[in-house]
1. Filter the stretch 158-188 for residues that are without any contact (Cβ under 8 Å) to a residue 40 or more places away in the chain and either crowded, with 22+ Cβ neighbours inside 10 Å or of a type in the set (Phe, Trp, Tyr) (or both) and give the result.
2. Of the numbered conditions (1) at pLDDT 95 or above; (2) crowded, with 19+ Cβ neighbours inside 10 Å; (3) of a type in the set (A, V, I, L, M, F, W, C), Ala119 satisfies every one except a single condition; which is it?
3. If you go through the stretch 118-146, how many residues are in contact with a helix residue (DSSP H, G or I) (Cβ under 7 Å, 6 or more places away or on another chain), touching a residue at least 40 places away in the same chain (Cβ under 8 Å) and of a type outside the set (A, V, I, L, M)?
4. So, Phe128, is that one out of contact with any Lys or Arg (no Cβ under 9 Å at 6 or more places or on another chain) and buried (at least 20 other Cβ atoms within 10 Å of the Cβ) or not?
5. Just give me the residues in the stretch 134-167 being more than 21 Å from Leu248 (Cβ to Cβ) and assigned to a loop (DSSP other than H, G, I, E, B), in sequence order.
6. Which one of Ala369, Ala402, Ala345 is in a helix (DSSP H, G or I), farther than 30 Å from Lys481 by Cα and modelled with pLDDT of 95 or more?
7. Determine, yes or no, whether Gly365 is buried (at least 22 other Cβ atoms within 10 Å of the Cβ), under 30 Å from Val262 (Cβ atoms) and out of contact with any strand residue (DSSP E or B) (no Cβ under 8 Å at 6 or more places or on another chain).
8. Applying the selection to the stretch 524-571, what residues are under 57 Å from the mean Cα position of the chain (by Cα) and basic (Lys, Arg)?
Amino acid sequence: MGPLKRKLIAILAGVAAWGLLMLAVPQALHLASERGTDLVWRLLQDSKPERRVVIIDVDDDSLAQVGPWPWPRATLAQLIRRLDDAGVALKLLDITFPDQREGSDEFSRALKGTDHGNASPSVLGQVFALRHESTLHVGNPAGALPGEGCLVSAFPGQGVIANAAGLHPVAGHISPVIDADGVVRKVPAVVCYAGRNYPALTVAGLAALGGEPPHVEPGLGLRGPVWQLRLDAALPGLPVGLDEQGLLRVPFRVSRSAFASVSAGDVLQGKAPASLLKGSVVLIGASAFGLSDVVPTALGAAVSGIEVHAQLLVGMLEGRIPHTPQAAWFVQAGAAGVLGLVLFALSSGQPLHQRRRVVLLPLMGLAGALAIFACHAAALAWLDIYISWAQPALSVLLVGTALGISEHARSLHVKDRIYENLSSYIPSQVAEKIALHAPTGEIEAQRSQVTILAADIRNFSAYCEARAPEDAARVLHRFYKTASEIVNGQGGVVVEMVGDSLLAVFGGPRPCLDSSRHALQAARQIWLRCGEELPNTTGQGLEPMAIGVGVETGTALLGSFGAANRRVHTVLGQTVTMALRLRDLTGDLAYPILAGPGVAALVEPRLDEPDLVLKPLGTFLLPGLLHSGKIFTLTTLLKPSAEQEQQTLDIIRLHSISA
């Protein structure tokens with residue numbers, strides 16, 4: 001497979017894996033994006049004191065001062081009047097009053113401002129069921145937008161807990177959308193219930209402050225949101241972006257400690273600082289233990305629900321509600337495509353060395369995923385744009401990993417090919433050691449009891465001189481191939497193939513039981529099969545070519561020698577010299593196979609192998625050796641009555657006399 005095709009297949013495999021994950025676990029990817037955004041919010045925390053929005057907290061101290069919740073309606077009416085007297089601009093109650101109680105009329109007049117002057121708008125809370133958890137209808141929903149029929153951008157509600165009828169005509173829902181991990185991150189701008197549209201608490205409050213109802217319209221341009229909420233009287237020139245479901249994304253930019261919180265008990269007792277309350281928007285809610293107004297948000301696992309509305313209100317006042325542009329999919333695809341091309345270029349060009357691509361390509365994929373997350377964080381921090389980052393980041397990571405796996409597979413294939421080719425030049429054990437260890441300039445050898453087989457083609461030099469090199473190469477090729485197959489089949493290892501000779505070892509690093517007998521069997525097969533493959537040169541006026549094999553058993557040193565950049569693997573020792581001399585003597589003695597005393601001592605005659613019975617030819621001194629020794633051959637090679645046998649015996653006697 002070509003490199004381009006291999007890389008394209010790897011990229012397609014990464015994209016396919018991404019597509020399967022998108023289908024299998026879309027919710028997990030959504031939550032990964034949201035939790036990454038939670039981290040961004042925590043990193044962007046602004047600790048600058050926030051005084052435009054003040055929280056009036058029904059906390060534990062308030063309960064200790066006033067009494068347990070729920071408080072009498074008259075007490076709540078007094079709280080509203082105290083806030084109006086302090087000059088607050090707007091009062092938002094994160095509380096619902098679904099039943100009629102004693103003092104409701106007084107509380108209603110306080111909310112409407114009919115029993116005291118300088119009253120600011122008040123907005124009550126009401127709760128809608130958004131996930132089909134209930135169809136209960138309690139109280140009388142209030143504060144619906146003008147007109148009948150659900151807005152396209154409205155989020156459907158199935159049940160409601162509203163305020164008692166006639167208590168107050170202005171209300172906003174306090175129903176968040178809870179993600180699968182239980183965290184509140186979004187609030188519906190408008191909820192549609194029973195064909196009417198009810199705005200969120202913050203939206204209803206700003207509409208009451210501006211004196212005109214909000215309206216929702218489609219977003220403009222690909223950079224803009226799908227829907228935008230307009231409160232032109234309260235927020236001139238600051239449209240609020242909504243997603244395709246009509247949800248407001250809560251910006252958690254303000255540190256929890258930056259909000260000013262005043263105990264409701266202190267307000268009732270006139271202890272609240274007037275300078276803090278004057279002109280502010282107050283949110284009245286409960287954080288006291290046991291009142292169950294605690295939700296998990298991006299800033300913590302147990303946050304008072306009133307803080308969600310406070311964060312949303314600050315974001316709307318600053319015109320910094322994050323929105324998802326209509327071209328989000330294009331941005332995601334573009335980011336993934338560009339980074340995919342970068343990975344493809346890195347896998348094809350020179351910046352990454354081939355041996356490093358296996359590790360670096362997945363790391364580059366991870367770096368690309370982190371870059372997408374960093375861009376997401378930057379867009380959220382400075383542009384108030386939210387684009388889900390987990391999906392494109394996962395695609396880049398999977399493509400980088402797939403390219404890395406492809407490079408690893410290529411590397412393994414190349415290594416296997418190198419090992420296979422190396423094993424064809426040197427023994428496989430040596431090739432494996434070379435492949436797994438760094439080169440060294442030291443001697444790496446061990447002494448072992450082995451059987452050495454040395455074979456060559458007699459009269460091959462004359463053939464090479466008379467014939468073309470291609471003819472000589474074909475003869476050698478057949479000899480090497482056949483002899484190597486025979487040696488390997490008998491459990492031996494070919495150590496050298498030089499010129500017209502071959503050197504093999506039986507035993508040593510590669511265990512071979514009864515190595516002498518296996519070596520003799522290999523010698524006999526080489527003589528028979530390789531001899532048949534030699535060309536007939538009788539008609540060419542050349543000496544006939546023949547096979548000569550010498551075999552000896554003994555101790556030898558087998559290993560690698562030479563400098564680190566140029567080494568040789570061979571076998572050394574007197575046993576090797578003996579086998580080589582026996583091979584050279586085969587021409588003089590006219591016996592194609594000669595064995596030394598080490599072999600004869602270990603190969604005992606067996607009835608099932610009559611072809612391997614040895615007979616002594618005499619004792620004589622071989623060239624290059626200091627001591628004489630007996631020479632043996634196979635009894636089946638020549639008949640004792642043959643003329644050639646007699647000539648051989650005469651030569652042996654001469655050698656014995658000289659020894």
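The values are calculated or read from the model by the stated rules, or taken from the named source; none is laboratory data. Computed from a prediction, not measured in an experiment: that's the story for all the values here. Glycine also receives a Cβ, built like all others from the backbone with ideal geometry; neighbour counts cover every protein chain displayed.
1. Hit for the stretch 158-188 is Val160, nothing else.
2. (1)
3. 4
4. So Phe128 fits the description; yes.
5. Ser134, Thr135, Leu136, Gly139, Asn140, Glu148, Gly149, Asn163, Ala164, Ala165, Gly166, Leu167
6. Details: Ala402 fails: modelled with pLDDT of 95 or more; Ala345 fails: modelled with pLDDT of 95 or more.
Going through Ala369, Ala402, Ala345 in turn, the sole match is Ala369.
7. no
8. Arg529, Arg566, Arg567
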